[in-house]
Amino acid sequence: MPLLDGTSAPAIDEAAQALAGGELVAFPTETVYGLGARADDDRAVARIFAAKGRPANHPLIVHVDSLVAAARFGDMSADAVQRLAKAFWPGPLTLIVPRHDSMATAAAGGQSSIGLRFPSHPVARTLLAACAERGVHGVAGPSANRFGRISPTLASHVVDEFGAELRVLDGGPCNAGIESTIIDCTDGRATLLRPGVLTSTALER
């Protein structure tokens, strides 16, 4: 399957339709390329774990296109969550919040919390918006590489990893090249779990 041009509306539509149908699609973010499946379909998410060789109890980050969409999956009401989302979304920040019952159970690795991110990459945002139009309000998307390997920053890296049978939206090179910053807000406070592009000074502010 050839690479899909991330700037092409028909390519975005094809990718969004594939995701809505439970298929896997790789897509670019400002950090690294993600391996996506609709987050509300546990069978689709299981395909991510199988493709990556990743343990199914390892939670996946769910990508959304708005704070409203994020609130479908988890409790975004805490003051720390609201402040961080307002300051850094869209962007390379993942917020871990309490998960709503029965939502994205497989994507959350069965945990009571869920990691949510609103990416800033224009291709990712266009794709997520197209998915939302099809009733898909979140896309689980860990890095598009096999478990334990280097995260991809080019579409060609994803093809090298998974082969030509996977749909890959080509959005050019990722700017950051490292995964998103992760902050745990499950208890109402903000605890840094994984550093990333965002500086501690900016986060503390």
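The values are calculated or read from the model by the stated rules, or taken from the named source; none is laboratory data. What you are looking at is a predicted structure, and each value in this text was computed from that prediction instead of being measured. No Cβ is skipped: glycine too gets one built from the backbone with ideal geometry, and neighbour counts run over all protein chains shown. With ligands, DNA and RNA removed, areas are computed over all heavy atoms of the protein, side chains included. Shrake-Rupley method; radii C 1.70, N 1.55, O 1.52, S 1.80 Å.
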### Task
Give me the accessible area per residue for the chain, probe 1.4 Å, as a whole number in Å².
44 Å²
### Task
Among 136, 123, 68, determine the one that fluctuates most according to a GNM of the chain built with springs between C-alpha atoms less than 10 Å apart.
68
### Query
So what's segment 66-126 giving for Rg/Rh, alpha carbon basis, Kirkwood Rh from the mean inverse pair distance?
0.97
### Task
Per residue of segment 117-124, in order, report the coupling 6.51 cos²θ - 1.76 cosθ + 1.60 (Karplus, θ = phi - 60°) as ³J(HN,Hα) in whole Hz, putting x for Gly and Pro.
8, 10, x, 9, 4, x, 5, 4
### Message
Apply the Karplus curve 6.51 cos²θ - 1.76 cosθ + 1.60, θ = phi - 60°, to the phi angles in segment 139-150 and return the couplings in whole Hz, x for Gly and Pro.
### Response
10, 5, x, x, 4, 7, 8, 5, 3, x, 9, 5
### Task
Please list the non-local residues whose amide H lies under 5 Å from the amide H of residue 74, H modeled 1.01 Å from N, same-chain partners needing a gap of 5 or more.
100
### Query
Suppose every K and R has +1 on its Cβ and every D and E has -1 on its Cβ; what is the size of the dipole of segment 1-140 about the Cα centre, in Debye to the nearest 20?
320 debye
### Task
Kindly provide the helix-only [θ] at 222 nm of the chain, computed as the sum of -39,500 (n - 2.57) over DSSP H runs of four or more divided by all residues, to the nearest 500 deg cm²/dmol?
-9000 deg cm²/dmol
## Note on the structure
Going residue by residue through segment 17-27, the Karplus relation 6.51 cos²θ - 1.76 cosθ + 1.60 with θ = phi - 60° gives ³J(HN,Hα) values, rounded to whole Hz and with x marking Gly or Pro, of 5, 5, 5, 4, x, x, 8, 8, 9, 8, 8
### Task
Give me the percent of the accessible area of segment 52-205 that comes from carbon and sulfur atoms, probe 1.4 Å, all protein chains in place.
52 percent
### Query
Pick from 35, 95, 166: which residue has the top mean-square fluctuation in a GNM of the chain where Cα pairs under 10 Å get a spring?
166
### Message
Between segment 66-109 and segment 170-199, how far is it from one alpha carbon centroid to the other, in angstrom?
### Response
13 Å
### Task
Would you pull out the residues with amide H under 5 Å of residue 194's amide H, same chain only if 5 or more places away, H placed 1.01 Å from N?
182
## Note on the structure
Across 5 Å bins beginning at 0, the whole-percent shares of Cα-Cα pair distances in the chain come to 1, 8, 18, 22, 22, 16, 9, 3, 1, 0
### Query
Can you list residues whose amide H is under 5 Å from residue 113's amide H, if they're 5+ apart or on another chain and H is modeled 1.01 Å from N?
99
### Query
Taking the mean number of other Cβ atoms within 10 Å as a proxy for protection, how do you rank 16-28, 77-89 from highest to lowest?
16-28, 77-89
